[in-house]
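Report on the structure given below.
The values are calculated or read from the model by the stated rules, or taken from the named source; none is laboratory data. None of these values were measured; they are calculated from a predicted model. Neighbour counts run over all protein chains shown; Cβ positions are idealised from the backbone, glycine included. All accessible areas refer to the heavy atoms of the entire protein, side chains included, with ligands and DNA or RNA removed. Shrake-Rupley method; radii C 1.70, N 1.55, O 1.52, S 1.80 Å.
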Amino acid sequence: MFVMSDEIGDDEEELNDLDDEIPSGDEDDQEMELTSDEYVERISSGSYDDYDENTGEQDSPQSPVPDDSILTFPAHSMPVFSCSLHPHNELCATGGEDDKVFVWSRNTGQILYEFTEHKDTVIDVHFNRDGTYLATADLAGDIVLHKLQKMSSEPDKDGGNLVFHKVWEYSMGDMPWMSFHPATNVLIAGSEDGEIYFWRFPAGDCKILPGPGARCDSGDISADGKKFVASYNNGTVRLWDLRECTTIMEIDENNSMVHSGGCTMVAHDKASPFFMSGDLAGKIVFSTHSGPVGAIETADVIEGMAFSPSADIRMAATGTLSGQISIWDTSKCSLRLNCEPVGKNDGITEMRWISDYTLVVATVNGNIFGYDARTGVRIFKLSGHTAAIYSFCYDHRDSILLSVSEDHSAKVFRVPCLAE
């Protein structure tokens, strides 16, 4: 059931009809992820349990991990799964397994807003494109929209003069992911049944793309903003027309390039009608809006996938559970190079381009690595977390990176350099 507060339309202009064009996002926008099971069940190598069942003794303590962060936020009492940076000020939002959402200052760590009404693990928190809304969602499918309002007109980078109001909520049943559209006030969420919901605010109008009866694991907006590509855990990939709510193209069991291992993620190029999809069996499929054009078998679980925003070199990156980072020439659907390895017994949990040629990856062992994608050479390493990093985000204004982890913490890092 929708619950709509009168506050949602305050000092907002009415938006056009839901059938109007949905504009494309920024070059740096990333795909919307992923499977609900992974958020809770993925076990990092940095375990909290030191007990050795074979010997009945405590393991010897490990050497302390160097901490390169400029601030650690310790308020969460359980693993933290999602984070978001405000687009205009120094606010951070984090959500985790303790069912809590915190909004806090990345400069001081001061908590400015605490939301405790979620009744299950918070898997997604996102500020919208202009920072007027914060959306939070949990594994049970309860989505809450919070509106940010200023108490005064005085400039305040730390957000101390902001107040937060819950203005809308919706319960959709178990959900794997949720995200804002990168260029307009449209909230998108995938369901366990495969349906994909689109809500436009402040009106709250809703469109639903029907599913194939299998969980929708991820989705991404096309370069022109008019289409949406989605992956499902039965191996299906669908390209949708958002205006007509119809399927333009589908990769299913009738196509030889179907993901037999279940498709876990997709990423759409933000400069062309081209996208990639990956699965648990390690298969990567390259597709245009007309259909698949190539496939490669990597024999490893695909954990990350992202397109470079570069207009000069058409390339994309993938990362695997065993730690392999590959750069692909998307114009030829072929391998360009493999990056320097992340380390022994480490694997990729997430990846993101922070400039045309700078690829950043987070790992199971709690490390963050930056690479020059043109050469595959590692250009920086950021340490501090003691367990798997589940998500991170980046602020181009101040070269700030925010990460959240299995170790119950969120950390703020300053990125030392970019590949230019």
For this session: Scan around GLY235 for amide H atoms under 5 Å from its own, H built in the peptide plane at 1.01 Å from N, and keep only partners 5 or more places away or cross-chain.
Result: GLY262, CYS263
Seminar exercise, completed: Along principal axes, largest first, the alpha-carbon spread of the stretch 62-148 in whole Å comes out as 41, 30, 18
Problem set entry | Amide H contacts under 5 Å for PHE380, placed H, 5+ residues apart | GLY370
Problem set entry | Over 23 Å between alpha carbons, listed pairs LYS119/LYS411; LYS227/LYS411; LYS100/LYS147 | LYS119/LYS411; LYS227/LYS411
Exercise. So how much slack lies between ALA299 and ASP68, counting 0.36 nm per residue of separation and subtracting their Cα-Cα distance, in nm?
Worked result: 79.8 nm
Problem set entry | Surface accessible to a 1.4 Å probe, per residue, for the residues of the stretch 255-327, Å² | 31 Å²
Exercise. Quick one: ranking GLU303, GLU297, GLU114 by accessible area, 1.4 Å probe, largest first, what do you get?
Worked result: GLU297, GLU114, GLU303
For this session: With a 1.4 Å probe and every protein chain left in place, tell me how much accessible area MET276 has, in Å² to the nearest 10.
Result: 0 Å²
Exercise. Excluding ligands, DNA and RNA, what is the solvent-accessible area per residue of the stretch 201-254 at a probe of 1.4 Å, expressed in Å²?
Worked result: 35 Å²
For this session: Rounded to the nearest Å, what's the spacing between the alpha carbon centres of the stretch 203-253 and the stretch 92-128? Just the number, please.
Result: 29 Å
Seminar exercise, completed: Gyration tensor on Cα atoms of the stretch 352-398, a ≥ b ≥ c root eigenvalues, a/c under 1.5 rounded, else prolate if a/b beats b/c, else oblate, says oblate
For this session: In whole Hz, with x marking every Gly and Pro, tabulate ³J(HN,Hα) for the stretch 187-200 from phi via Karplus 6.51 cos²θ - 1.76 cosθ + 1.60, θ = phi - 60°.
Result: 9, 10, 8, x, 10, 5, 8, x, 6, 10, 9, 10, 10, 9
For this session: Please list, or write none, the lysines whose alpha carbon is within less than 16 Å of the alpha carbon of LYS226, excluding same-chain residues fewer than 8 places away.
Result: LYS207, LYS270
Exercise. With every protein chain in place, what's the accessible area of SER308 (1.4 Å probe, Å², nearest 10)?
Worked result: 10 Å²
For this session: Counting only heavy atoms of the protein chains, get the accessible area per residue of the stretch 85-146 (1.4 Å probe) and round it to a whole Å² value.
Result: 29 Å²
For this session: Enumerate the amide H contacts of SER310 below 5 Å, restricted to partners 5 or more residues apart or on another chain; note that Pro and chain-start residues carry no placed amide H.
Result: none
Problem set entry | Distance from the stretch 263-313 to the stretch 342-420 (C-alpha centre basis), Å | 21 Å
Seminar exercise, completed: When all Cα-Cα pair distances of the stretch 333-420 are considered, the percent exceeding 16 Å is 50 percent
Problem set entry | Rounded to the nearest 10 Å², the accessible area of TRP328 at probe 1.4 Å | 10 Å²
Exercise. For LYS150 and SER290, FRET efficiency with R0 = 45 Å and r from the beta-carbon atoms, rounded to 0.05?
Worked result: 0.40
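Round to the nearest 0.05 the FRET efficiency obtained for LYS381 and ASN345 when R0 = 22 Å and r is the Cβ-Cβ distance.
Calculated value: 0.85.
If you roll a 1.4 Å probe over the stretch 131-277 with all protein chains in place, what percent of the accessible area is carbon or sulfur?
With neighbouring chains kept in place, the figure for the stretch 131-277 is 44 percent.
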